[in-house]
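Student: Before anything else, here's the structure in question.
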Amino acid sequence: MPNDRLNGKLILLWAALACISTALSACPSTSPPAGALNQNTNQNTNQNTNQTGNQTGSAGQITPSTERSGEVSYKLYLQPNASAATRKGIVLLGAGNNESDPSTGSLDGALENSVAAELAKQGYVSAVVAYRDQPAVNFQDGGASWNRNTAMLATDMSNVANAIIAAQGNGLTRAKVLTGGVSYASYALFTNVAMNDSPLADTRGVLAACGSTGEFEAQNFKIPVFSLNCSGNPEGNLSGEALINKIGNAQIKADSAFYTDAACNSHCGGNTTTWTHQLVGQTQKWLP
């Protein structure tokens with residue numbers, strides 16, 4: 001099998017993923033006890049918490065709008081009064097889904113919208129992307145149909161990034177684009193950014209909540225990743241520190257990070273506020 005494709009095995013083997021299209025775009029959230037967060041992170045223990053709650057200052061009220069790029073809808077968050085030159089970057093997020101037969105990505109996931117809204121307050125352009133309905137996966141084809149689906153999702157993310165860059169003018173480039181999401185979106189992006197022909201290879205990184213992948217993918221990542229998961233490896237395969245340790249490119253490995261949440265031990269079981277804080281903090285590190 002070519003080295004730009006999944007190495008003969010699917011990452012779709014977990015029964016726990018039956019819940020990935022609900023609640024936190026995956027499984028229900030739980031509230032962590034005080035002080036229970038796992039601090040054994042790679043590079044992201046010192047979070048930049050430059051957050052403003054509901055304040056938007058002189059930027060004006062942030063009200064999401066639904067936009068389109070070709071066949072793909074996306075919910076856009078941005079400061080209406082910010083100039084293009086002051087935009088810090090673009091963050092695009094995708095929802096969880098049925099990994100066996102993915103439908104159109106939801107625009108209503110709790111974590112995705114929480115992160116997008118908070119990032120807009122900080123000066124980023126963010127969006128939740130309703131990636132296209134994708135064909136059912138054939139589990140007997142050595143990963144070919146899974147790879148095609150991940151390419152569809154990555155292409156939709158890439159096209160939305162281009163549309164936002166065109167609409168918002170200078171100050172935004174593909175080097176200032178982050179993609180990510182919850183569960184299915186994270187699994188798919190982990191696979192795609194290991195491919196030689198990934199449309200996201202020129203972007204800044206992947207923000208992956210409750211996803212995992214295999215050693216082959218980690219060894220071939222083209223861009224840095226941030227892995228956010230509950231403790232106990234509920235996703236199976238590689239996530240968190242184990243994933244970062246397997247990254248083959250030394251520079252990409254050094255620029256990647258993880259956070260393992262000791263307050264939860266289920267698939268996507270983290271507290272929305274806590275996980276929003278982690279994803280916003282990593283964005284601020286990659287796109288200050």
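What follows draws every value from the coordinates through simple rules; no lab data is involved. Note that the coordinates shown come from a computational prediction; the quantities given were computed from them, not determined experimentally. With ideal geometry, Cβ positions are generated from the backbone for all residues, glycine too; neighbour counts draw on all protein chains shown.
Student: Structure shown: which of Lys176/Lys253; Lys176/Lys222; Lys121/Lys253; Lys88/Lys246; Lys75/Lys253; Lys75/Lys222 lie over 25 Å apart, alpha-carbon to alpha-carbon?
Tutor: On the way: Lys176/Lys253 19 Å; Lys176/Lys222 15 Å; Lys121/Lys253 29 Å; Lys88/Lys246 30 Å; Lys75/Lys253 31 Å; Lys75/Lys222 27 Å.
Where the Cα-Cα span goes over 25 Å, the pairs concerned are Lys121/Lys253; Lys88/Lys246; Lys75/Lys253; Lys75/Lys222.
Student: Next up: With both bridge residues required to lie in segment 208-288, what share of the DSSP beta bridges run antiparallel, to the nearest 5%?
Tutor: On the way: 1 of 8 bridges.
Antiparallel bridges: around 10 percent, rounded to the nearest 5.
Student: Zone of Arg174 (label point 7 Å along Cα→Cβ, backbone N under 16 Å): which residues in segment 78-98?
Tutor: 90-92
Student: Out of the DSSP beta bridges found with both residues in segment 153-288, what percent are antiparallel (nearest 5)? Walk me through the intermediate numbers first.
Tutor: Details: 1 of 15 bridges.
Antiparallel: roughly 5 percent of the beta bridges in segment 153-288.
Student: Counting only other residues whose beta carbon sits under 14 Å from that of Ser183, what net charge do I get with K and R as +1, D and E as -1?
Tutor: Net of charged neighbours comes to -3.
Student: Give the relative contact order (percent, whole number) for segment 135-256; include only Cα pairs under 8 Å separated by 6+ residues. Let's see the in-between values first.
Tutor: Numbers: 199 pairs, mean separation 24.3, N = 122.
Dividing the mean separation by the residue count of segment 135-256 yields 20 percent.
Student: I would also like to ask the following. For Thr63 and Ser83, calculate 0.36 nm times their separation in residues minus their Cα-Cα distance, and state this gained length in nm to one decimal.
Tutor: Length gained between Thr63 and Ser83: 5.5 nm.
Student: Using a 7 Å offset from the Cα along the Cα-to-Cβ direction at both Asn249 and Ala136, what is the distance between the two label points in nm, to one decimal?
Tutor: 3.7 nm
Student: Using a Debye calculation, one point per C-alpha and no hydration shell, please list log10 I(q)/I(0) for segment 244-288 at q = 0.17, 0.23, 0.27, 0.31 Å⁻¹ in order.
Tutor: -0.62, -0.91, -0.99, -1.05
Student: Hey, another quick one. Would you tally the net charge around Gln122, using a Cβ to Cβ cut-off of less than 15 Å, leaving Gln122 out, and scoring K and R as +1, D and E as -1? Don't skip to the answer; put the middle values down first.
Tutor: Values: positive: Arg87, Lys88, Lys121, Lys176, Lys285; negative: Glu118.
Counting the neighbours of Gln122, the net charge comes to +4.
Student: Continuing with this model, one more query. Where Lys and Arg each count +1 and Asp and Glu each count -1, what net charge lies around Gln79 among other residues with Cβ under 14 Å from its Cβ? Walk me through the numbers before you get to the answer.
Tutor: Details: positive: Arg87, Lys88, Lys121; negative: Glu118.
For residues surrounding Gln79, the net value is +2.
Student: Using a 10 Å cut-off on Cβ atoms, rank the peptides 153-161, 165-173, 88-96, 266-274 from the highest mean neighbour count down.
Tutor: Ranking, from highest mean packing down: 88-96, 153-161, 266-274, 165-173.
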